[in-house]
1. Can you compute the charge dipole magnitude of region A:552-710 about its Cα centre, using +1 on each Lys and Arg Cβ and -1 on each Asp and Glu Cβ, nothing else charged? Give it in debye, rounded to the nearest 20.
2. Would you calculate a helix-derived [θ] at 222 nm for chain A, using -39,500 (n - 2.57) for each DSSP H run of n ≥ 4 and dividing by the full residue count, to the nearest 500?
3. Work out the FRET efficiency for A:R6 and A:K215 from their Cβ-Cβ distance, taking R0 = 22 Å, and round it to the nearest 0.05.
4. Given Cα pairs under 8 Å that are at least 6 residues apart, what percent is the relative contact order of region A:331-416?
5. Classify region A:481-581: rounded, prolate or oblate, from the alpha-carbon gyration tensor (a ≥ b ≥ c, eigenvalue square roots; a/c under 1.5 rounded; otherwise prolate if a/b is larger than b/c)?
6. Could you please rank A:D289, A:D270, placing first whichever residue has the fewest other Cβ atoms within 10 Å of its Cβ?
7. Provide A:K376, A:K117 in ascending order of the number of other Cβ atoms located within 10 Å of each residue's Cβ, fewest first.
8. Could you give the angle, 0 to 90 degrees to the nearest 10, between helix A:273-286's Cα long axis and the longest principal axis of the Cα atoms of chain A?
Amino acid sequence: MNEPKRYLVTSALPYANGPLHIGHLAGAYLSADIFVRYLRLMGKDVVYIGGSDEHGAAITIRAKKEGITPREIIDKYHTLFEDTFRRIGISYDKYHRTSEPIHHETSQEFFRKLYDKGEFVEQTTEQYFDESAKQFLADRYIIGTCPKCNHTEAYGDQCENCGSTLSPTDLIEPRSTLSGNKPVLKTTTHWYLPLDKYEAWLREWVETGVVDGEKQHEPNAWKNHVLGQCKSWLDGGLQPRAMTRDLSWGVDVPQEIPGAEGKKLYVWMDAPIGYISSTKQWAADNGKDWKPYWQDKDTALVHFIGKDNIVFHCLIFPAILKAAGDYILPVNVPANQFMNLEGRKISTSKNWAVWVHEYVQEFEGREDELRYNMIKNMPENRDSEFTWKGYQETNNNELVNNLGNFINRVLVLTNKYYGGVVPAIDQRQRINSSLAPEESASYKEELRVLYEGLRNVSVNIKKYEFRAALTALMEISSKGNQLLQFNEPWKRQKTEPEDVKVVMNLGVQIVAALSVACRPFLPFTSDKLRTMLNLPAIEEQGELQAILEKLEQNEAIVPEGHQIGKGAYLFERIKDDVIDAQIAKLEAANAANAGVEYEAVKDTIQFDDFSKLDLRTGKIIAAEKMKKAKKLLKLTVDLGFEERTVVSGIAEFFKPEDIIGQEIVLVANLAPRKLRGVESQGMILMAENEKGELGFVSPPKDWVTGFTVR
RNA sequence: GGCGCGGUAGCUCAGUUGGUUAGAGCGCAGGAUUCAUAAUCCUGAGGUCGGGGGUUCGGGUCCCCCCCACGCUACCA
C-alpha cells in the first residue's frame, strides 16, 4: 500500500440526547484530533469530519416527556456539542448535523441506490402497533415490566434499571407511551440488508485486508480487540439487518418507493452516512470536491470510535458502502475501549460522569491539562481509568514539574543572560551530552537527539499509539532538563560563557520544537508557546515536516539573533482543595441521583385476583447449578406433601450449598415452564433491593412446610 | 454456558517475529544542585511476568488446562 494522497478522518457522531463526558472525549474525539492535527503538521491533505446524530425515538420520547419539540432538543445539544468541542480544542474541519437537508438527501440517495440495485430483502414481521395513535411503535415507545428485574418502566430495547438488552416482545404488560394503551401485534414490512450474503468478502476484507483481489489495509495495523470482535461476529454468522423502521423522527424512506409511507431510515442508513453528507457540506463551503475523499483509492479513510461501535463501523457500514459501489472502505478503525471514573463505570443515567462542558467552564484555561491526562490514560487497548487524584498528579508532576519547568528555565535564563536574544554560537564547542552526564557532545549531535525525539513522537502517532507518542513528547522535555542539569549554565556562565551559549541556544531550539510537537496533544499550550517565543502562530500547515527537514540537515529551527519574549507559567500547580471539591461534587451528584427510586405501584387488583395465587411455605432440600447458564439454579423444594423442581435465576447471589435448608415461599400454582430443558414447577419469591440484589422471602424459622401464605 | 480483549514492581502501564542480568513514569529511600511553580538531576530498594502443565538449548512471549476482571451473547416465571 502506498502513502495515501489524502486522509478522511471521522469521529463517531454523538447522539443529541445528553451532554458529552470524558469517556466520549477519551474514546473517539481526542484520538482523532491528535491524528488529524499531526497529519496537518506534516503537510498532509486531511479532512476531519463529524457531526451530531439527531434522529431516533429516544429524542422524540424525551421531547414528549419534557413538553418540547424534538427540534428544541437537538438544537440544544447540537449547540452544546459544537461549543464543547470548540472549547476543548477538537479541530473539526466540519462539524455537521444529521437534521440538515443535505444529509436527508444524501442518505435517501444511498437508500435509493441500494433499492434500485436490488440489494435489499423485504421482510414482513410482527411489530407492536398502537391502535388509537394509528402507528407502529418503535422499541423506545413501548414501556413495560422488565422480565429480568421487574422494573416497571423498562423500554422495548433496554431496561435502564438492570441494563439488560430487550426486545419489545419480552416486556410483560407492554404499554404504548403514546396512549398508554396496550399495543397489538400487527404485521409491517421493512427493507433488510442481507449481511449474510456479504459475509464471505467481509471476512476476507477484515482478516486479510483484501477486497476484490486488492489489498486495502494491513490487518496487523488493526487493534486486537477490533479484529477479535469482528471475527467473533463473523464466526457467529451475520444476519440480515433492518435498514428502516416505523419511526416518526428521522429521514423518510424515499417516497416513490412502494410502501415507504410512514417509514424512516434506521440508524445504520442514517448516522454513518452523516460522515458523507458532512464532507459534502465541507466541500461546498470550501470550494472543494467531496468525491475524491470517499471514492478515490488513494484516500485513507479512518474512523475513530469507541468499542461499542466496532461492529457497526467494521461490518455494517462497509457493507453499505460496498453495496452502493464506488466507495472506499476504511483503512483502519482504531476503536478505543472504555474509560472508567474513580473505579466505576461512567454512567449518564446515574450521573457518574465528568461532563466536558462543565469542565471547560470550571477549569477555563486548563483545557490542555484535561487533554493531557485523557491521552496519558487513553483506553487504547483496554479499559482505563480517570481519577481526579491522577489528574492532579499528572498535572503537577508532569506538566508543571517537567514540561512547564523546563520551558520556564530556558526562557528565564535566556532573558537573564542574553536579554532574550538567541545567542550566536561557535559550533566547535563541545558541551556535556544530554544523554549521559559523563559524555560530551557537539551542537549538531544535540540537534540530532532532538530530531530523533520528534521522530519518535511522529512514528507513534502514525501507529495510533497516542499514549506512547505523548511519552515520547515528554522525553524531549526530560532530555532538555538533563541538558541543563548536566551543563549547569547557572554555574558556568561566569567561567565558560561560550559553552553556556551553546547550551542555551539548544534550549531554545528544544522549546521551539516542543511548540510544534506538542500541538496535536496540547494545542492551547502550543499557541502560548509560540507567543512566548515570538514565533509565527502555527497554522497546521506542514510546520512539523518543516522542522524535521531542518533538523535532519543539522540546521537550527530558530536563528541566532532571534528575540524571544518573556516567560510565563504555562501550567499551574493544582492544590488538593480543587481536587477534593471535584470529588465531592461527583459524590453529591451521584447521591442526589441515587435517591432510592421506588417502583410505581401496579394497577389495583381485586381480592379474587389475589386469591388465584397459591402461595406455599417450603424448604429447599437440594440445589445445583444449571449447566450452560450463568444465573440459573435447579432447586428441589419440599412442600411437605410433595417435592417440586424449581429453576430459579438466583445463581449470581447464592451458592447451591449455602441454601440447602433455606425456608421459602413458593408460587405453587404457576404454570410449569421449561428452562434450559428442565421443567420448573413454580416460582420462589425473592425480595430485591435497589442494587438488584436478591434475598429470600421466608416464613419464620422451622415453620411447617406446605401451608399457605395469604 | 459460548465467544472476544486483558491479567507484568505499591499505583498506572511498555514489552515487536521466543534469545543475554524483565523496562518506564508516579510513589518510596538516599545523595547532588539552586536557573526554575519546594521544581531539576543522580543512585537505590521493590517483580516465582494470574496459577499449573507442555514444546524448546532457551518461554512474559508459542501450545493445553484452570482462576480472575471486563465486553458481547444465551438463560432469569
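Taken together, the values in this text are just the output of simple stated rules run on the coordinates, not laboratory data. None of the values given here were measured: they were computed from a predicted structure. Every residue, glycine among them, receives a Cβ derived from its backbone with ideal geometry; neighbour counts consider all protein chains shown.
1. Working: 22 positive and 27 negative charges, 176 e Å.
It comes to approximately 840 debye.
2. Details: 22 runs with 264 residues, N = 710.
For chain A, the value works out to -11500 deg cm²/dmol.
3. Plugging the Cβ-Cβ distance into 1/(1 + (r/R0)^6) gives 0.70.
4. Working: 59 pairs, mean separation 31.0, N = 86.
Result for region A:331-416 is 36 percent.
5. Working: a/c = 2.17, a/b = 1.16, b/c = 1.88.
It comes out oblate by the Cα gyration axes.
6. On the way: A:D289 11, A:D270 26.
Fewest-to-most Cβ neighbours within 10 Å comes out as A:D289, A:D270.
7. Working: A:K376 18, A:K117 11.
Exposure proxy ranking, most exposed first: A:K117, A:K376.
8. In chain A, helix A:273-286 runs at an angle near 30 degrees to the longest axis.
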